[in-house]
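As structure tokens, the structure follows; a few thoughts come after it.
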Amino acid sequence: MYRLLLVTDKPDICTLYNEYPDWEAQGFEKPTVMKNAEAGIHQLTNGHFDVVSWLLPVSEGKQMASFITKKPDIMGIETMRDARLLRRELGNARRELATRDAQRQVSQPDDVMKVMSSRFFCDLLRGDGFTEKQVDEKLHTLGLVDIDPVRPIAIASFRLPQGDFFLAEVWQYGRDRLENALRNIFENTGDRDIYCVMLMINPHHMRILAIPHKDISEKDVYAEMVSHLEACRTNLEQYFELTMNIRRMHAYSSLYELALENLQRTAH
């Protein structure tokens, strides 16, 4: 959940923000409300907030603005007096924050999700074939020593029906940032026993590969994938107002099996 600080001396705005019912659905904790710039700056100095919104007398407003310019990690958003406009502003902020988080994730050189997003795994998702020897060489080159190619894996294909419209009409940050934001959802497996790699074929068609990082059965890999995708579905609806249709899910006995199946398909 993201954290928002509201700084205003306007009673009607404080009431709206305090009584707004959809904070959790919008991906935010209920906001902290301060009534002057001094209190707001104290909160920002001593606590963690993702977003700040303020409506104050001119002198205090300038004080807040001057402080926020020195805090690039905190997003400033417009203060609203209407619940409908507030919902829209929070939706825009949520999408931008998701993009920021995705960019931070892929910018970390040791982040395992960056490794898992390597060309090799995306090539497998596209249907490129490899021999067992080539698979071994790729894993060794990538330094993926915890991935055993004889462990079972699972693949899912799914669609986001509104994807093209979302990219053209709603999302304002370009296809690359949308892909990063979606990766942040689909490749973040938390405490599950799988790594996941997402391939974005186009804005409404994706594939995901689940690879276990310990010895588990084919049935368990499949179950982990199902559970993970359900969590992803919830996040898509909550943070992006997108729905997901799973078209196909399939478990393989090993990474070798997938690579060889692709190889046989491309040979014909």
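Derivation of every value follows stated rules applied to the coordinates shown; laboratory data play no part. Here the structure is a predicted model, which means the values were calculated and not measured. Cβ sites come from the backbone with ideal geometry, for glycine too, and all protein chains shown count toward neighbours.
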Might you report the magnitude of the Cβ-based charge dipole of segment 109-267 about its Cα centre, with Lys and Arg at +1 and Asp and Glu at -1, to the nearest 20 debye?
-> 440
Taking the Cα atoms only, what angle lies between the long axis of helix 83-107 and the longest principal axis of the chain, rounded to 10 degrees?
-> 50
Enumerate the calculated ³J(HN,Hα) couplings along segment 43-52 in order (Karplus 6.51 cos²θ - 1.76 cosθ + 1.60, θ = phi - 60°), each rounded to whole Hz, writing x wherever the residue is Gly or Pro.
-> 4, 5, 6, 10, x, 9, 9, 8, 9, 10
Cross-link partners of Lys62 among lysines (Cα-Cα below 29 Å; sequence separation of 8 or more within a chain) | Lys10, Lys30, Lys35, Lys70, Lys71
Interchain or long-range residues, amide H under 5 Å from Val7's placed H = Met34, Ser53, Trp54, Leu55
Taking alpha-carbon centroids only, segment 157-186 lies from segment 234-268 a number of Å equal to 18
Integer Hz, Karplus 6.51/-1.76/1.60 couplings in order for segment 178-186, x for Gly and Pro = 4, 4, 5, 5, 5, 4, 4, 7, 7
Any chance you could get the radius of gyration and Dmax over the Cα atoms of segment 4-105, in Å?
-> 13.1, 39
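Which whole-number percent gives the relative contact order of the chain, counting Cα pairs below 8 Å spaced six or more residues apart?
Numbers: 407 pairs, mean separation 55.7, N = 268.
Computed over the chain, the figure is 21 percent.
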Backbone HN-Hα couplings from phi across segment 122-130 [Karplus 6.51/-1.76/1.60, Hz, Gly and Pro as x] = 5, 4, 4, 5, 6, x, 6, x, 9
Residues with amide H under 5 Å of Ala154's amide H, sequence separation 5 or more or different chain, H placed in the peptide plane at 1.01 Å from N; which?
-> Ala210, Tyr252
What are the residues whose amide H is under 5 Å from the amide H of Gly76, where those residues sit 5 or more places off or on another chain and H is modelled from the backbone?
-> Val52
Sorted by Cβ neighbour density within 10 Å, fewest at the top, the residues Ile194, Ile153 | Ile194, Ile153
Intensity falloff of the chain expressed as log10 I(q)/I(0), Debye formula with alpha-carbon point scatterers, at q = 0.12, 0.13, 0.17 Å⁻¹ | -0.79, -0.88, -1.24
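Could you give the length gained by full extension between Lys71 and Asp193, i.e. 0.36 nm per residue of separation minus their alpha carbon distance, to one decimal place? Walk me through the intermediate numbers first.
Details: separation 122, 0.36 × 122 = 43.92 nm, distance 3.70 nm.
Result for the pair: 40.2 nm of gain on full extension.
For Ile216 and Asn92, compute 0.36 nm times the residue count separating them, minus their Cα-Cα distance, and round to one decimal in nm. Show your work: numbers first, answer last.
Working: separation 124, 0.36 × 124 = 44.64 nm, distance 4.02 nm.
Extending this stretch completely gives an extra 40.6 nm.
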GluC sites (Glu not before Pro) in segment 23-77 lying in a DSSP loop, each with at most 11 other Cβ atoms within 10 Å of its Cβ, come to Glu24
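Which value at 222 nm does the chain reach when only helices count, each DSSP H run of 4 or more adding -39,500 (n - 2.57), with the total divided by all residues and rounded to the nearest 500 deg cm²/dmol? Numbers along the way, then the final one.
On the way: 10 runs with 122 residues, N = 268.
The helix contribution divided over the chain gives -14000 deg cm²/dmol.
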